[in-house]
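Step one of this worksheet: look at the structure below.
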Amino acid sequence: MLGALLELICKQPLDEICKNELFTPLEMDNTYFPSVNLSNLIPTFKLSLPNGFKLINGTDQINREHKFLSGGGGMISTPQDYIKFCNYILDPKVSLINSKTLSKMKNNQLKHEMGYLDDKLNFYDFTFAGPGTGFSYGFATIENPNIVPQKTPKGVLSWAGAANTIVWIDQINKIVFTFFTQLIPFGYKNYKKELHEILYSDIN
């Protein structure tokens, strides 16, 4: 919906808006809506027990004709570009959005603590929803570090991708952590807990 509104307000297609207002200023040169460079895509693998991982023809869906550009998904990027965006959220060096908007992206906007999601996958294990967590305009947030599953400072921002990519932004220790895979289904293994333990055991 917001992508469609942007196109109406700016009188430009969404891909041009994203490039001009975000990707170019942050030097995210390899982030785009898929139409070029599909040969650079890494294939996706699906866990298929008991036989292990099965290769998925990753570009089949991308090659299909789409009726509109979605603001909620569909862009292709690289780990390097993703880190540039996360570093901007942590410590902006260029002026892209006003400070009030950025603050709302970095701080919980919910009036009440999040509950468990009614889903077979327990998102609470990934600290995305449940007691002690909140949500900003774009990220899950840690509000009560004493009760969340992972040993995580207050104010950590996090998100994950369908193929088990993980990012968190630690605003206290000034750390951006990213973890990239091309494995589905989401959540088949809780990498986040293991990665938290490794990182914060060294910090503490």
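No lab work stands behind these numbers, since they all come straight from the coordinates. These numbers come from a predicted model, not from an experiment. Neighbour counts are summed over all protein chains in view; Cβ atoms, including those assigned to glycine, are modelled from backbone coordinates with ideal geometry.
Charges only on Cβ, +1 for Lys and Arg, -1 for Asp and Glu: so what's the dipole of the chain about the Cα centre, in debye to the nearest 20? Kindly include the intermediate steps, with their values, before the conclusion.
Numbers: 19 positive and 19 negative charges, 44 e Å.
I would put it at about 220 debye.
Give me the one-decimal nm value for the distance between modelled label points at Asn51 and Glu21, 7 Å along each residue's Cα-to-Cβ direction.
Spacing of the two 7 Å Cα→Cβ label points: 4.6 nm.
For the chain, with equal point scatterers placed on the C-alpha atoms only and solvent neglected, what are the log10 I(q)/I(0) values from the Debye formula at q = 0.15 1/Å, to two decimals?
For the chain at q = 0.15 Å⁻¹, log10 I(q)/I(0) is -1.13.
Among Lys19/Lys67; Lys11/Lys106; Lys67/Lys193; Lys67/Lys93; Lys46/Lys106; Lys54/Lys151, which pairs are too far apart, with a Cα-Cα distance over 31 Å?
Check vs 31 Å cut-off fails for Lys67/Lys193; Lys67/Lys93; Lys46/Lys106; Lys54/Lys151.
Counting only DSSP beta bridges with both residues in the chain, what percent are antiparallel, rounded to the nearest 5?
Roughly 90 percent of the beta bridges in the chain run antiparallel, per DSSP.
Using amide H atoms built 1.01 Å from N in the peptide plane, name the residues 5+ places from Gly130, or on other chains, whose amide H lies under 5 Å from its own.
Met114, Gly115
Quickly rank 89-95, 17-23 as a protection proxy: mean count of other C-beta atoms within 10 Å, highest first. Each step should come with its number before you reach the end.
Values: 89-95: 11.6, 17-23: 17.3.
Averaged packing, sorted descending, gives the order 17-23, 89-95.
Taking the Cβ-Cβ separation of Ser95 and Leu5 as r and a Förster radius of 22 Å, what is the calculated FRET efficiency to the nearest 0.05?
0.50
Which distance in nm do the two modelled labels at Tyr137 and Trp159 give, with both placed 7 Å along the Cα-to-Cβ direction?
Here the answer is 1.3 nm between the modelled labels.
Would you mind checking the stretch 132-170 for residues with the amide N under 12 Å from a putative spin-label position 7 Å along Cα→C-beta of Lys193?
Flagged as within label range: 149-151.
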